[in-house]
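Trainee: The structure's right below; bear with me while I get my questions together.
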Amino acid sequence: MLGTFDKKLLFDHYLGGVFAWTLNALARLVALVWHRDHSLERDPRAVLVLKFLGMGSIVRASFLLKAIKEKYPDSQLYFATFSGTAPLVRMYREVNQVFVVRDSSFWYLLIDTARLVVLCWRSNVDLVVDLEVHAKYSSIVSALSLARDRAGFAGITSRFRRGLYTHLVFWNPVRYVGRAYEQLGAALGLEKNSDAQVCIPPSAVVEAQEFLIKLGWREGVRLIGINPNASDLRIERLWPREYFSALLSMLPPGHDFIVLVCGSKAEWEHAESVRLGVERCPYPVFNIAGALSFSAYCEVLRKLSVLVTNDSGPMHVARAFEVPTVSLWGPTHPANYSPPGRNHLRLYRPIYCSPCTHATDVPPCGGDNQCLKRLEPGRVLRAVCSLLGLEAPSAIPGFSVHLGEEPVLGYWQRSSVDLPAGRAKDEVQDEQSDLEAML
């Protein structure tokens, strides 16, 4: 079994690394004797896009799907991904076929990879667009496809890609991720006109409508969405569940709201703990995690009046529908990964070790994500009220924030949050500088 994300990461790094460097050497030898034309002057017979993890990245890069179909209308467009992100990819009409690679076990991964490679050969895939950044696995698939042109990113963690890819773009970890995808598109002669649309089928619209009516929703009632989840790519992105519960307990009364705690079936228990922790919310609170098909879940997101969310896939899907959003940041930086657009309030309290997600595989906090624990529910409440057009309560109940009391042990060391007054003032200045950098 591949097991947890950490085990998959180790598998990709060590076993995948050996395989990737071996293919790199072979590709260089072949290139010495076989001089293929990589000018992109010939239209590809088929294009394969690779993105196995990261729902948000797929949304941010969706304009590439539209640009590929516009430039190559007669080409088949395939998209290979893991099971968790496949439902989203299926909602893009530009994609002719979604190939799902099962990652629940090594043998499934091996079998489906072989099937994917055979598909590339039989379908005459001439262009592979790899949206992964650090993964060896996607590089292996790209090389084994034998595609004439292979495009992707290269950075400090992906030197092995030089020689495997014909069109490489530098991955700049401090720039907005959408700009990186634009650069990759420019390297392939693809213009960004607009994002591809997440298309919700009529059956899912009906499913969502009937579901909401059963919860008491009717015309004039507004929906408040709470997404307390984040994928295991970095669980430190989770704002504490008791903070979400406290936020709902602070909502001002006297309005027509229904609160929906969102998530997948696997996230039901976490969502339920948020719902059970609510003490006195003036509105009905429902846990809808796993209650709908993915497409119907997207329709519910589209209907929200506001969404409060961690940095996660549903945040990006909701922003694709321009849903007013309050997003919570810490391990990742909003300037790098926050979706653009109006009616989006990004809350971020940087401490010394933030952001860390894309700088290390091992978080320096050891799970004690003070960067998010220092975002008080009262501050989030004011942002929610602002987007709903409400006046925030003049007296917001106090809330005990879980400050770190001990330094984190191990080979990492981070600054504890119980700083002297002078140092705390420095962190306020850091926050102001980060906000200015996002403007």
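Values in this text are rule-based calculations from the coordinates and carry no lab data. In this text, all values refer to a predicted model and were calculated from it rather than measured experimentally. With ideal geometry, Cβ positions are generated from the backbone for all residues, glycine too; neighbour counts draw on all protein chains shown.
Trainee: When a/c reaches 1.5 or more, the comparison of a/b and b/c decides; with that in mind, is region 102-260 rounded, prolate or oblate per its Cα gyration tensor? It would help to have the intermediate numbers written out before the result.
Mentor: Values: a/c = 2.23, a/b = 1.97, b/c = 1.13.
It is prolate, given that a/c is not under 1.5 and a/b is the larger ratio.
Trainee: What's the exposure ranking of 174, 326, 129, going from fewest to most Cβ atoms within 10 Å?
Mentor: Numbers: 174 10, 326 23, 129 27.
The fewest-first ordering by Cβ neighbours comes to 174, 326, 129.
Trainee: At a 10 Å Cβ-Cβ cut-off, how would you order 188, 307, fewest neighbours first? Please report the intermediate quantities before stating the final value.
Mentor: Values: 188 18, 307 27.
Ranked by crowding around the Cβ, least crowded first: 188, 307.
Trainee: Return the FRET efficiency for the residue pair residue 187, residue 283: r is the Cβ-Cβ distance, R0 is 60 Å, and the value is rounded to the nearest 0.05.
Mentor: Values: r = 50 Å, r/R0 = 0.83.
Taking R0 as 60 Å, the efficiency between residue 187 and residue 283 is 0.75.
Trainee: Would you kindly state how much longer the chain becomes between residue 34 and residue 106 on full extension, computed as 0.36 nm times their sequence separation minus their alpha carbon distance, in nm to one decimal? Walk me through the numbers before you get to the answer.
Mentor: Values: separation 72, 0.36 × 72 = 25.92 nm, distance 3.37 nm.
So the extension gain works out to 22.5 nm.
Trainee: For residue 94, what charge total do you get from the other residues with a beta carbon under 12 Å from its beta carbon, if Lys and Arg give +1 and Asp and Glu give -1?
Mentor: +3
Trainee: Tell me the net charge near residue 29. Cut-off is 15 Å between Cβ atoms, residue 29 excluded, with +1 for each Lys or Arg and -1 for each Asp or Glu. Walk me through the intermediate numbers first.
Mentor: Numbers: positive: 28, 36, 162; negative: none.
It works out to a net charge of +3.
Trainee: Let me ask something additional. Within region 72-91, which residues have the backbone N less than 12 Å from the label spot 7 Å out from residue 294 along Cα→beta-carbon, could you tell me?
Mentor: Label zone hits: 80-91.
Trainee: Say the cut-off is 30 Å between C-alpha atoms; which of 214/265; 51/265; 192/265; 265/373; 51/214; 192/214 go over it?
Mentor: 192/265; 51/214; 192/214
Trainee: OK, next. Answer rounded, prolate or oblate for region 198-257, using the Cα gyration tensor with square roots of eigenvalues a ≥ b ≥ c: rounded when a/c is under 1.5, else prolate when a/b is larger than b/c, else oblate.
Mentor: Judged from the Cα gyration tensor, region 198-257 comes out oblate (a/c at least 1.5, b/c at or above a/b).
Trainee: I would also like to ask the following. Given R₀ = 30 Å, what would the calculated FRET efficiency be for residue 43 paired with residue 114, taking r from the Cβ atoms and rounding to 0.05? Spell out each step's value before the answer.
Mentor: Numbers: r = 28 Å, r/R0 = 0.93.
Efficiency, rounded to the nearest 0.05: 0.60.
Trainee: In addition: Sort 199, 371 by Cβ crowding within 10 Å, fewest neighbours at the top.
Mentor: Values: 199 13, 371 25.
With the sparsest Cβ surroundings first, the list reads 199, 371.
Trainee: How about region 285-378: which trypsin sites (Lys or Arg not before Pro) there are in a DSSP loop, with at most 14 other Cβ atoms within 10 Å of their Cβ? Mind showing how you got there, number by number?
Mentor: Details: sites: 302, 303, 319, 342, 346, 373, 374; in loops: 342, 374.
Counting only loop positions with at most 14 other Cβ atoms within 10 Å, the trypsin sites (Lys or Arg not before Pro) in region 285-378 are 342.
Trainee: Right, another one. Between residue 221 and residue 205, what is 0.36 nm times their sequence separation minus the Cα-Cα distance? Round to one decimal in nm. Walk me through the numbers before you get to the answer.
Mentor: On the way: separation 16, 0.36 × 16 = 5.76 nm, distance 1.77 nm.
Full-extension gain reported as 4.0 nm.
Trainee: Please identify every one of the trypsin sites (Lys or Arg not before Pro) in region 175-229 that sits in a loop by DSSP and has no more than 16 other beta carbons within 10 Å of its own beta carbon.
Mentor: Those that pass, being in a loop and sparsely packed, are 175, 192, 218.
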